[in-house]
Amino acid sequence: MPDLVAHGVLAGLDEISGTGRDQRAGGYSRHLWQSAELDLRAWFTERAERLGLAVETDRNGNIWAWWGAPGRDAVVVGSHLDSVPGGGAYDGPLGVVSALDAVARLQAAGVVPTRPCAVLVFAEEEGSRFGVACLGSRLLSGAIDADKARGLTDRGGITFAEAAVTAGLDPAHLGRDQEALDRIGIFLELHVEQGRGLIDLAEPLAVASSILAHGRWRLSFTGQGNHAGATLMTDRRDPMVAAAHAIVAVQQAALDSPGARATVGRIEAVPGGTNVIPSAVHAWLDARAETDGQARAVVADITARLDSPHAGCAATVTEESWTGTVTFDPELAARLALALGGIPALPTGAGHDAGVLAARVPTAMLFVRNPTGISHSPEEFATLEDCLAGVEALDTLLRELL
Ligand code: GLV
Ligand code: MN
Ligand code: MN
């Protein structure tokens, strides 16, 4: 990102550009409490402390950097530093570095906040390690049961509770944090757009209007593990074939429900050998739609299509997480849009911690144009000019709010 460094405004993105690179997938793999993500936590702490902010990790692993004394009715600005496997450089970090930059600008301009202010980094926004997206904000706000969170496991079988211990947290204290919630007077998240809305509008920035209803389900298929060479094709109960048929059904169910989206982005064969017919296959479904009812109907349709799975196998569908449609406070969105010169409002299909917090505290989002619309990919991008427009917008909003 030579442009960013040369400009010196979003140097933060450049400082972390070598952290968590994924040589196999391309892009970045920065997963909760693993080495790259721990390095990013240390980087954030150092960066915030250089601005004189007081950094603390809450009991759910979210990091708060306070400008001035912590307190109630705070203006809180932030996003996340973790990534999907092979993710881009902007999803999450752009919001964090922009928030730090905005604070630095205000300090340089001699602004003294009249109310508490914090930069917040949420833990496990992508759910890439423990399977549930926005885990830090769900725990903080009580949107997930703490026992359920404690029992989540990563791909190596480590529970969230065990990982929390290694990160220095007390698993008994995970869960709704009323004191932290009560401090948030308003939460603002700046994020790279993850679609083509701003390209179509030919605008660099928008406020968020809504988020699609979305959830994750595990589709599990069981059959008969057996020998790939010795088992006749007609004698098999192969769950991989059942999963393949199901994946085609997932696509069809979404196509049959205009506007809905359904994806299988991860599949796991058990035991997973080239010369082994699997005994089980797990496939993870991500389904989204405009309304809760539509998203639920798509999943019901997929479930019905799995009623008699192919090849004499058995299929089960297990819900792993769910977030209903989020409508951001329209008055707040309109007020912020006006303060920024009348920027447009856009819906999004991507989930965000702001969407989780919106149920509890006044919350708004700012999107920065993504010139290809591509996200969750190494190709994700935003121009320097648009990133600067985002920082300037945060600067303007913080001046208005503080
Ligand atoms: C997060 O980016 C999601 O939408 O899953
Ligand atoms: Mn993301
Ligand atoms: Mn994100």
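Observations on the model:
- Candidate set from the stretch 342-355 (those that are more than 16 Å from ligand 3 (Cβ to nearest atom) and either under 16 Å from the mean Cα position of the chain (by Cα) or more than 23 Å from His214 (Cβ to Cβ) (or both)); member that is surrounded by the fewest Cβ atoms within 10 Å (Cβ to Cβ): Gly342
- Restricting attention to the stretch 356-385, the residues that are open to solvent by 10 Å² or more (accessible area, probe 1.4 Å) and not in a loop (DSSP other than H, G, I, E, B) total 3.
- Subset tally (residues that are open to solvent by 20 Å² or more (accessible area, probe 1.4 Å) and not small (Gly, Ala, Ser)) for the stretch 45-71: 12
- Across the stretch 38-45, not a single residue is classified as within 19 Å of Glu379 (Cβ to Cβ) and part of a helix (DSSP H, G or I).
- Members of the stretch 317-333 that are within 30 Å of Ala244 (Cβ to Cβ) and loosely packed, with under 14 Cβ neighbours inside 10 Å: Thr318, Glu319
- Taken together, the residues in the stretch 135-181 that are outside any loop (DSSP other than H, G, I, E, B) and basic (Lys, Arg) amount to 3.
- Any pair with Cβ under 6 angstrom, 6 or more apart, that starts in the stretch 78-97 at a residue that is assigned to a loop (DSSP other than H, G, I, E, B) and of a type in the set (Phe, Trp, Tyr) and ends at one that is open to solvent by less than 10 Å² (accessible area, probe 1.4 Å) and more than 10 Å from ligand 2 (Cβ to nearest atom): Tyr90/Ala382
- Taking the stretch 221-248 as the range and being of a type in the set (Gly, Ala, Ser) and either surrounded by fewer than 19 Cβ atoms within 10 Å (Cβ to Cβ) or touching a Phe, Trp or Tyr at 6+ places or on another chain (Cβ under 9 Å) (or both) as the test, the residues that pass are Gly225, Ala228, Gly229, Ala230, Ala242, Ala243, Ala244, Ala246.
- For Val84, the stated conditions hold: it is open to solvent by 10 Å² or more (accessible area, probe 1.4 Å) and within 16 Å of ligand 1 (Cβ to nearest atom).
- Just one of the listed residues (Leu140, Leu135, Leu188, Leu201) is outside the structural domain of Ile302 (by TED's automatic domain parsing) and in contact with a Gly (Cβ under 7 Å, 6 or more places away or on another chain), and it is Leu135.
The values are calculated or read from the model by the stated rules, or taken from the named source; none is laboratory data. Every value quoted in this text rests on a predicted model; they were computed, and no experiment measured them. Note: ideal-geometry Cβ built from the backbone for every residue, glycine included; neighbour counts use all protein chains shown. Surface accessibility is based on the protein's heavy atoms, side chains included, excluding ligands, DNA and RNA. Shrake-Rupley method; radii C 1.70, N 1.55, O 1.52, S 1.80 Å.
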